[in-house]
Amino acid sequence: MKNLASYLLVMFMVMFWIFRVVIAFTTTMGIDIGIEAMNLNFEIILLFVTLLCIILVIKRKILGAIIYLISYGAYFGVFIFNQIKPIIDGSGGISDYGNVFLSFIGIMLAIAVLFELLFDKNRKAHPTDKKTDWFYKNKDFDRKLDDRADKNNYRMY
């Protein structure tokens, strides 16, 4: 993660995850904040899957973005599909509008994370090599120079 877009998307992922935790908590406690979890059991599973995906996205693994998109598409996409008809008919309430809006944000966030990982040039240009990175990127193996270093005057006759 070397560019601003990566940091911002991970921050939005974490903020959206915290927001979904609050929604799951308020739904469980019966507190009405205008937005409620669509399926509480699936929401809790999705929270743990999202945590795993955030870690994989931080490590720049494309699998994390794919799992994130599939899980959010399966959860939020079905809800949007089911709620579009009542909203178009005008029979939806304020909570339906809020839930559809947040579902749309969740899906757009997952798509943005996937595209950001797919088109990241730094990830493709500098892949990690576990065979050599442990030595070359480790500060413990750097040569420590003292005041006597490189002061040997060898004469060639």
Task: Within segment 57-66, considering residues that are over 10 Å from the mean Cα position of the chain (by Cα) and in a helix (DSSP H, G or I), the one farthest from M38 (Cα to Cα) - done: I62
TODO: Among the residues of segment 34-66, write down those that are surrounded by fewer than 17 Cβ atoms within 10 Å (Cβ to Cβ), under 15 Å from W17 (Cα atoms) and of a type outside the set (A, V, I, L, M).
DONE: F42, F48
- [ ] Within segment 81-104, track down each residue that is closer than 15 Å to I33 by Cα, modelled with pLDDT under 80 and of a type in the set (G, A, S).
- [x] G93, S95
Task: Lone qualifier among I44, I23, I54 - being within 21 Å of the chain's Cα centre (by Cα), within 19 Å of F115 (Cα to Cα) and in a helix (DSSP H, G or I) - done: I54
Open item on the list: Looking only at segment 6-21, count every residue that is surrounded by fewer than 16 Cβ atoms within 10 Å (Cβ to Cβ) and farther than 13 Å from V57 by Cβ and tell me the total.
Closed with: 4
- [ ] Filter segment 18-37 for residues that are touching a Leu at 6+ places or on another chain (Cβ under 9 Å) and not polar (S, T, N, Q) and give the result.
- [x] F19, R20, V21, I23, A24, I35
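Any chance you could count how many residues in segment 67-96 are in contact (Cβ under 8 Å) with a residue 40 or more places away in the chain and surrounded by fewer than 17 Cβ atoms within 10 Å (Cβ to Cβ)? Even if it seems obvious, please write down each step before you answer.
So in segment 67-96, the residues in contact (Cβ under 8 Å) with a residue 40 or more places away in the chain come out as 68-69, 79, 94-95.
Next cut, surrounded by fewer than 17 Cβ atoms within 10 Å (Cβ to Cβ) only: 94-95.
Selection size over segment 67-96: 2.
The values are calculated or read from the model by the stated rules, or taken from the named source; none is laboratory data. Small disclaimer: the values here were computed from a predicted structure and weren't measured. Cβ sites come from the backbone with ideal geometry, for glycine too, and all protein chains shown count toward neighbours.
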